[in-house]
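The values are calculated or read from the model by the stated rules, or taken from the named source; none is laboratory data. Values in this document were obtained by computation on a predicted structure and should not be read as measured data. So basically every Cβ, Gly included, is an ideal-geometry build from the backbone, and we count neighbours across all protein chains shown. These area figures cover heavy atoms from the full protein model, side chains too; ligands, DNA and RNA do not enter into them. Shrake-Rupley method; radii C 1.70, N 1.55, O 1.52, S 1.80 Å.
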Amino acid sequence: MIERRRFLYGTALLLGSCRRRLTAGADAGLCKGSVTAAAVGTAPATVKAAVRVINQLNVGSVTRFVDRLPIPPVLRPDGTRPDPEAPAETISYFRVPMREITAKVHRDLPPTRVWTYAGRFPGPTFETRSGKGLLVEWVNELPDRHFLPIDHNLCGAGADRAEVRTVVHVHGARVPPESDGHPESWYAPGGSAVHHYPNRQDAATLWYHDHAMGIERLNQYAGLFGMFLIRDEVEDALRLPAGEYELPIVLCDRTLDVNGQLVYPTSANPNSPWVPEVYGDAVLANGKLFPYLEVQPRLYRFRLVNASNARFLQLTLSNGRPMHLIGTDQGFVAAPTPLQGLVLAPAERADLLVDFSASAGQNVTLKSISDLVQFRVAPARGAVKASAILPAVLRPVPRTPAADAVKTRFLTLNHYETARTRKMWMLLNGARWQDPVTERPQFGTTEIWELANLTEDSHPIHLHLVRFQILERQPFNADLYTLRGTLSFGGPPEPPLPQDAGWKDTVRVDPNFVTRIIVKFDSHKGRYLWHCHILEHAANEMMRPFEIVG
Ligand code: C2O
Ligand code: CU
Ligand code: CU
């Protein structure tokens with residue numbers, strides 16, 4: 001017997017019925033701008049009870065702002081190779097080994113065991129230009145044993161498989177299917193794969209991470225992620241803060257023990273350690289806990305990625321000043337949008353301009369559940385001369401008309417739990433990963449995907465390969481739909497929030513809403529995937545193939 005899963009959140013009382021809705025409004029009040037329990041990072045009560053962490057570090061006792069914010073180095077090529085698309089030409093070639101190292105996440109903690117790309121936590125940053133392809137050889141040089149708890153019951157993670165398996169995906173990249181990092185195209189230690197990234201797409205903040213079937217949540221938790229930036233002439237012409245004034249900030253939450261080691265929680269059942277969501281109270285910025293950075297009283301550009309497994313980050317500045325959003329997942333928005341705060345779901349990116357010119361001599365902290373990064377703004381020397389200014393416009397983002405769509409797909413998000421065994425799955429449209437492909441868009445066409453969330457969680461849904469726009473979100477009666485299959489709307493469609501009005505590849509799908517996105521499938525044909533980017537959900541069947549045909 002299958003029944004609808006209902007999570008019980010500890011904060012349900014606090015947030016009342018509003019917790020079912022997640023909006024990222026400017027105010028952090030309770031209704032508009034309120035966040036779900038998942039967003040503020042409270043684990044469901046049922047899960048909390050099951051999770052036992054021995055010797056957990058008391059993050060509140062850790063001294064703040066004693067380590068400088070590290071900036072991941074930009075990766076240099078290891079040579080050139082023939083361009084797979086034009087063998088008479090050459091393109092840059094990189095060899096990136098995956099290695100276990102220990103890294104200091106804080107001055108006062110012993111070094112932490114992490115898994116890295118090229119010995120860096122987070123991995124080094126790729127920088128390239130639109131249309132400038134590159135080749136990367138990803139090499140698995142990790143140990144043969146995993147140090148985090150594998151659940152062999154999950155699809156693709158059977159005990160007959162190599163324990164340590166990796167495959168790299170560049171999130172947001174327009175790539176041929178064989179270079180996309182398909183979850184089943186993994187390789188064990190000693191193995192490698194060469195991927196070709198043509199980069200024919202607009203300037204954007206992409207990121208790369210592990211995607212190995214059944215263990216990607218563990219591999220990413222161990223540290224396998226980094227940034228991948230694509231630049232273009234539109235960006236050049238904007239004269240945005242660059243060099244030391246443009247800072248990538250990769251955020252992720254972790255649970256640490258008193259020895260500074262990563263703790264990945266397990267269920268109470270040793271035979272199926274999987275837990276539905278993972279939240280840590282140590283939020284790392286570029287791999288450091290509570291770092292600081294000295295900055296000048298001027299305009300800065302921050303490129304943020306939420307690399308957490310499940311936590312939605314609600315970001316604000318301690319001085320109450322706005323941050324100016326200039327880009328979303330897939331590139332620039334039409335014009336800078338001032339925001340008092342913004343919610344970044346797992347895998348979402350934000351390109352922000354922050355002006356410290358009015359904060360000379362002060363400390364300004366980027367915050368979420370706790371302090372993330374302290375910016376120590378230098379005192380003004382003479383008159384503060386702005387060396388970069390906020391542009392009035394960025395890049396035209398023409399809205400894709402709904403009438404362009406040749407097909408509309410209604411797709412549900414579900415949680416199921418068997419009443420007898422308490423075995424739980426999260427599914428997309430009632431199907432599991434291994435079920436036949438049902439989403440087969442024609443190459444070159446535009447479709448609307450209506451994502452109807454029947455669960456009580458907010459899910460960041462990601463489609464590989466494509467960029468899309470959010471058309472609208474419309475409230476509907478999820479209970480009635482679950483019981484009778486009747487679609488009954490509770491109000492008119494709402495336009496996307498300012499923070500998701502641009503090009504996206506990951507969309508927050510809130511409970512009791514139908515979220516409509518419009519997608520053009522125009523770059524490659526072949527087999528890709530879409531999934532929830534709460535990595536524990538993706539590992540337990542909230543991941544499906546799609547195939548672009550024609
Ligand atoms: Cu961040 Cu399947 O991707
Ligand atoms: Cu992706
Ligand atoms: Cu999910």
Open item on the list: Looking at Arg145, Arg174, Arg107 in this structure, which one is more than 16 Å from ligand 3 (Cβ to nearest atom) and either small (Gly, Ala, Ser) or in contact with a strand residue (DSSP E or B) (Cβ under 8 Å, 6 or more places away or on another chain) (or both)?
Closed with: Arg107
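Checking the conditions here, which among Leu483, Leu471, Leu465 is open to solvent by 50 Å² or more (accessible area, probe 1.4 Å), more than 16 Å from ligand 3 (Cβ to nearest atom) and among the aliphatic types (A, V, I, L, M)? Working first, answer last.
Numbers: Leu471 fails: open to solvent by 50 Å² or more (accessible area, probe 1.4 Å); Leu465 fails: open to solvent by 50 Å² or more (accessible area, probe 1.4 Å).
The unique qualifying residue is Leu483.
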TODO: Please identify the pairs in which a residue from region 242-259 that is under 21 Å from Pro110 (Cα atoms) and among the aromatic types (Phe, Trp, Tyr) has its Cβ atom under 6 Å from the Cβ atom of a residue that is crowded, with 17+ Cβ neighbours inside 10 Å and modelled with pLDDT under 95, counting only partners at least 6 apart or on another chain.
DONE: none
TODO: Test Tyr221 against the stated conditions and say whether it is open to solvent by 10 Å² or more (accessible area, probe 1.4 Å) and in contact (Cβ under 8 Å) with a residue 60 or more places away in the chain.
DONE: no
TODO: Note down all Cβ pairs under 7 Å where the first residue falls in region 151-175 and is outside any strand (DSSP E or B), the second is open to solvent by 20 Å² or more (accessible area, probe 1.4 Å) and within 16 Å of ligand 3 (Cβ to nearest atom), and they're at least six residues apart or on different chains.
DONE: Asp151/Trp274; Leu154/Trp274
Task: Meets criteria (within 25 Å of Leu339 (Cβ to Cβ) and either more than 16 Å from ligand 1 (Cβ to nearest atom) or not aromatic (Phe, Trp, Tyr) (or both)) for Glu541 - done: no
Open item on the list: Return the residues of region 390-422 that are surrounded by 14 or more Cβ atoms within 10 Å (Cβ to Cβ) and part of a loop (DSSP other than H, G, I, E, B); say none if nothing qualifies.
Closed with: Leu390, Pro391, Leu394, Arg395, Val397, Thr400, Ala405
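Is it true that Lys504 is more than 15 Å from Leu411 (Cα to Cα), open to solvent by 50 Å² or more (accessible area, probe 1.4 Å) and either away from ligand 3 (no atom under 16 Å from the Cβ) or touching a strand residue (DSSP E or B) at 6+ places or on another chain (Cβ under 6 Å) (or both)?
Details: more than 15 Å from Leu411 (Cα to Cα): yes; open to solvent by 50 Å² or more (accessible area, probe 1.4 Å): no; either away from ligand 3 (no atom under 16 Å from the Cβ) or touching a strand residue (DSSP E or B) at 6+ places or on another chain (Cβ under 6 Å) (or both): yes.
For Lys504, the condition - more than 15 Å from Leu411 (Cα to Cα), open to solvent by 50 Å² or more (accessible area, probe 1.4 Å) and either away from ligand 3 (no atom under 16 Å from the Cβ) or touching a strand residue (DSSP E or B) at 6+ places or on another chain (Cβ under 6 Å) (or both) - is not met.
Would you say Arg527 is within 14 Å of ligand 1 (Cβ to nearest atom) and either assigned to a loop (DSSP other than H, G, I, E, B) or open to solvent by 20 Å² or more (accessible area, probe 1.4 Å) (or both)?
Working: within 14 Å of ligand 1 (Cβ to nearest atom): yes; either assigned to a loop (DSSP other than H, G, I, E, B) or open to solvent by 20 Å² or more (accessible area, probe 1.4 Å) (or both): yes.
Yes; evaluated as a whole, the condition is true for this residue.
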Task: Of all residues making up region 209-241, the number that are of a type outside the set (Gly, Ala, Ser) and in a strand (DSSP E or B) - done: 8
Task: Enumerated strands (runs of 3 or more DSSP E) restricted to region 279-350, each holding at least 3 residues that are surrounded by fewer than 22 Cβ atoms within 10 Å (Cβ to Cβ) - done: 291-295, 299-306, 313-317, 331-339
Open item on the list: Just to be sure before I move on: is Asp500 modelled with pLDDT of 95 or more and closer than 25 Å to Ile326 by Cα in the structure I sent?
Closed with: no
Task: Unique residue being β-branched (Val, Ile, Thr), open to solvent by less than 10 Å² (accessible area, probe 1.4 Å), away from ligand 1 (no atom under 16 Å from the Cβ) and farther than 24 Å from Asn309 by Cβ when the list is Ile548, Ile518 - done: Ile518
Open item on the list: Quick check on region 445-456: of everything there that is acidic (Asp, Glu) and at pLDDT 95 or above, which residue is farthest from Arg508 (Cα to Cα)?
Closed with: Glu447
